[in-house]
1. Identify the GluC sites (Glu not before Pro) of region 116-210 meeting these criteria: DSSP loop state and at most 13 other C-beta atoms within 10 Å of the C-beta.
2. On alpha carbon coordinates alone, what is the Rg over Rh value for region 63-112, Rh being the Kirkwood radius?
3. Per residue, how much accessible area does the chain have with a 1.4 Å probe, in Å²?
4. Using the charge dipole of the chain (Lys, Arg: +1 at Cβ; Asp, Glu: -1 at Cβ; taken about the Cα centre), state which of 139, 70, 117 has its Cα farthest towards the positive end.
5. Based on a Kirkwood Rh over C-alpha pairs, give the Stokes-Einstein translational diffusion coefficient of region 57-170 at 10 °C and viscosity 1.306 mPa s in µm²/s.
6. Straight-line reach from residue 120: which lysines fall under 25 Å, measuring Cα to Cα and dropping same-chain residues less than 8 apart?
7. For the chain, what D do you get in µm² per second when you plug the Kirkwood radius from alpha-carbon pairs into Stokes-Einstein at 25 °C and 0.890 mPa s?
8. Explain nothing, just compute: Karplus ³J(HN,Hα) = 6.51 cos²θ - 1.76 cosθ + 1.60, θ = phi - 60°, for every residue of region 51-57 in order, whole Hz, x for Gly and Pro.
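The values are calculated or read from the model by the stated rules, or taken from the named source; none is laboratory data. This structure is a prediction, so every number in the text was calculated from the model and none was measured. For neighbour counting, all protein chains shown are included, and Cβ atoms are generated from backbone atoms with ideal geometry for every residue, glycine included. Just so you know, the surface numbers come from the protein's heavy atoms only, side chains and all, with ligands and any DNA or RNA stripped out. Shrake-Rupley method; radii C 1.70, N 1.55, O 1.52, S 1.80 Å.
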Amino acid sequence: MFVHDMYVLGESDPFEIKMREEATVNLELKKVTPCYHTSLVGNVCYRNLPIRNATVMVLDENCSPLSSTTTDENGRYRFCSIIKPGKYKVIATAIGYNTSNMKTICISKNIVTRLSFTLKKSWIVANGIVYGKILEAGSKKAIEGANVYLKASKDDCEMIYKTISNHGGQYLIYDIWPNNYKIIIEKKDYMVTEPIELKIEKYNRICLYFDLIKDSML
């Protein structure tokens, strides 16, 4: 049978004792961290590319966090002898990615349990979003099929993003990289809007409504 210490003997402060003197010294015992002889290892990746600094979390059956770690530069993680044998739930997450689905595993003594995750990019988290509604000036009627252009701020000819308004006049441009842009709306039988300058930064959520004016020359 394997026997190990339950406590570690601490060290006292220095003291001096002379002949025929007595001294009382209290020592503090520290409990040894239990060694469960278990291993949970795996990888976190995106399209077979490792994700560095992803967080992997182990939860109990009630989804309460028990332990977590982060992946190394190769996307690898490891829990060694810190999780006692049993049934657990595990998730992985990283900045700029969607959190993984929760997986249920059984961890056993003296067995290496392997569990890997493949994450998907999260455009909602990482980059900017511009959204809003396009209406007819005066009547406030929703305009369907309007072209929404996002162009480079310094070049009118360089179109970066394009979308079309839906039946409710709504539009959405997502996954916009941080930069300076200008937004322009075009629709047949209406006047083209004046360019509006936009500065997109990470996590920006910009809402813009546009009123289009009927082209009186038609």
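1. Answer by residue number: 158, 201.
2. Reported Rg/Rh (Cα atoms, Kirkwood Rh): 0.96.
3. Here the per-residue accessible area is 70 Å².
4. 117
5. Calculated translational D: 85 µm²/s.
6. Reachable lysines: 89, 103, 162, 202.
7. Approximately 106 µm²/s, per Stokes-Einstein.
8. 10, 7, 6, 6, 9, 10, 10
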